[in-house]
Amino acid sequence: MEPAGATVATSLPARMRASLLGEWQRARPAQRFGYLAGGALVLVGLAHLLAWLAVGGAWAGPVSFRKPTTFGLSFGLTTIILAWITGRLRIADRTRWLLLGPLAAADTYEVVWVSTQRWRGVASHFNQDTTLDYALFLLGAAAIAVTVTVIVALTVLAFSAMQAPPSVALAIRAGLGILLVAQGVGGWMIQHGTGLADEGVTQGLTTFGVAGVMKVPHAVAMHAIQVLPALAWLLSFAAVGERRRLVLVQIATVGYVALVAVSLLQTATGLAPSDVGVAAAVLSLLGVALLGTAFGAALLALRTP
């Protein structure tokens, strides 16, 4: 029974705030460390966006504000969501630290590195101009290897030690699987660009074939780990059963996989993202339609008391 004078949060914004506060209160120390580290990286990304808006300068190119902005936001959000995922796994606190400690350190290095190189006025990736620049690039590759190792470990644990409702479990497993695809594309991109740089090429290091933009499938696949769990979280506030929640997450997963597949095929065949044929257009529209259907149904369900 509620004590006299107590109030129960019934509005959707209030329930969402309570959910987020509850996540922080229930979080283990390693998770809180991950949340704080990821939040700091997001702030670094936003600071570079504000700096670009304030002082101007290049947004695209090897020396630009885009890279520290997108790295800060992407690595920050990924660190946060991976810390959240460890709270859905049956693992010891020591294991949680062994996962999130190296992850936070590696992701922090990536953001600090590209930010430092931006303010030094030199490229971060594929930079072999000086011993220092090349050493920083190699350390960046080592940091990514650490991040990938942690993601692989979390993916294995997501299939063997998951403790979450089926809809949340699917969102996490699918998101991690697609995130591994993003890491694979990143490795492909680094290998491709390094080979060209060794030959003295300085432009188009992340372009495959005639016009394939390797950054596109990397970016698309990178953010499934935020999009799919976000859908599962929204559905947790909806007045629908778990079976329907699972179906909607399944629909969204198929849609997201379709978008990743299109971006990969476009790049692998050397086509620009805008150079879309009939098959790619149909698959893209299908992906967008499925994602839109899932999120639309979730938003409609949230309107039901």
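The values are calculated or read from the model by the stated rules, or taken from the named source; none is laboratory data. All values derive from a computational prediction rather than experimental measurement. Counting neighbours? That spans all protein chains shown, and the Cβs are built from the backbone with ideal geometry, glycine included. These area figures cover heavy atoms from the full protein model, side chains too; ligands, DNA and RNA do not enter into them. Shrake-Rupley method; radii C 1.70, N 1.55, O 1.52, S 1.80 Å.
The residues in segment 94-132 that are open to solvent by 70 Å² or more (accessible area, probe 1.4 Å) and either of a type in the set (A, V, I, L, M) or within 28 Å of residue 39 (Cβ to Cβ) (or both) can be counted, and the count is 7. For segment 195-209, the set of residues classified as of a type in the set (D, E, K, R) and either surrounded by 12 or more Cβ atoms within 10 Å (Cβ to Cβ) or outside any loop (DSSP other than H, G, I, E, B) (or both) consists of 198 only.
For the condition open to solvent by less than 40 Å² (accessible area, probe 1.4 Å), in contact (Cβ under 8 Å) with a residue 40 or more places away in the chain and under 19 Å from residue 78 (Cβ atoms), what is the one hit in 226, 183? Checking each option against the conditions leaves just 226. For segment 65-91, how many residues are more than 26 Å from residue 154 (Cα to Cα) and surrounded by fewer than 18 Cβ atoms within 10 Å (Cβ to Cβ)? Counting residues in segment 65-91 that are more than 26 Å from residue 154 (Cα to Cα) and surrounded by fewer than 18 Cβ atoms within 10 Å (Cβ to Cβ) gives 1. Figure legend. Inter-residue proximity from segment 20-35: first residues within 17 Å of residue 76 (Cβ to Cβ) and modelled with pLDDT under 95, second residues of a type in the set (D, E, K, R) and open to solvent by 40 Å² or more (accessible area, probe 1.4 Å), beta-carbon distance below 6 Å, spacing 6+ or different chains. No pairs are indicated. Taking the conditions exactly as written (assigned to a helix (DSSP H, G or I), modelled with pLDDT under 95 and open to solvent by less than 20 Å² (accessible area, probe 1.4 Å)), does residue 175 satisfy them or not? Spelling it out, it is not the case that residue 175 is assigned to a helix (DSSP H, G or I), modelled with pLDDT under 95 and open to solvent by less than 20 Å² (accessible area, probe 1.4 Å). The residues of segment 242-271 that are surrounded by fewer than 18 Cβ atoms within 10 Å (Cβ to Cβ) and over 28 Å from residue 298 (Cα atoms), listed by number, are 265, 268, 269, 270. Scanning segment 133-163 for residues that are surrounded by fewer than 18 Cβ atoms within 10 Å (Cβ to Cβ) and polar (S, T, N, Q), we see that the one that is nearest to residue 201 (Cα to Cα) is 149. Count, please, the residues in segment 121-135 that happen to be in contact (Cβ under 8 Å) with a residue 60 or more places away in the chain and on the phi > 0 side of the Ramachandran plot. Number satisfying all stated conditions: 1. Taken over segment 227-267, the criterion of being among the small types (Gly, Ala, Ser), in contact with a helix residue (DSSP H, G or I) (Cβ under 8 Å, 6 or more places away or on another chain) and not in a helix (DSSP H, G or I) is satisfied by 236, 238, 239.
When restricted to residues that are of a type in the set (A, V, I, L, M, F, W, C) and surrounded by 12 or more Cβ atoms within 10 Å (Cβ to Cβ), segment 51-64 contains 5. Hey, does segment 65-86 have a residue that's among the small types (Gly, Ala, Ser) and over 19 Å from the mean Cα position of the chain (by Cα)? Within segment 65-86, none of the residues are among the small types (Gly, Ala, Ser) and over 19 Å from the mean Cα position of the chain (by Cα). For residues in segment 92-120 being touching a residue at least 60 places away in the same chain (Cβ under 8 Å) and touching a Lys or Arg at 6+ places or on another chain (Cβ under 7 Å), which is nearest to residue 153 (Cα to Cα)? In this case the residue turns out to be 96. Selection of first residues in segment 136-159 that are closer than 26 Å to residue 92 by Cα and assigned to a helix (DSSP H, G or I) and of second residues that are open to solvent by less than 50 Å² (accessible area, probe 1.4 Å) and among the aromatic types (Phe, Trp, Tyr), restricted to Cβ pairs under 9 Å at least 6 apart or on distinct chains, gives the following pairs, ordered by first then second residue: 143/113; 147/75.
The selection criterion, being closer than 28 Å to residue 214 by Cα, of a type in the set (Gly, Ala, Ser) and crowded, with 18+ Cβ neighbours inside 10 Å, does not hold for residue 274.
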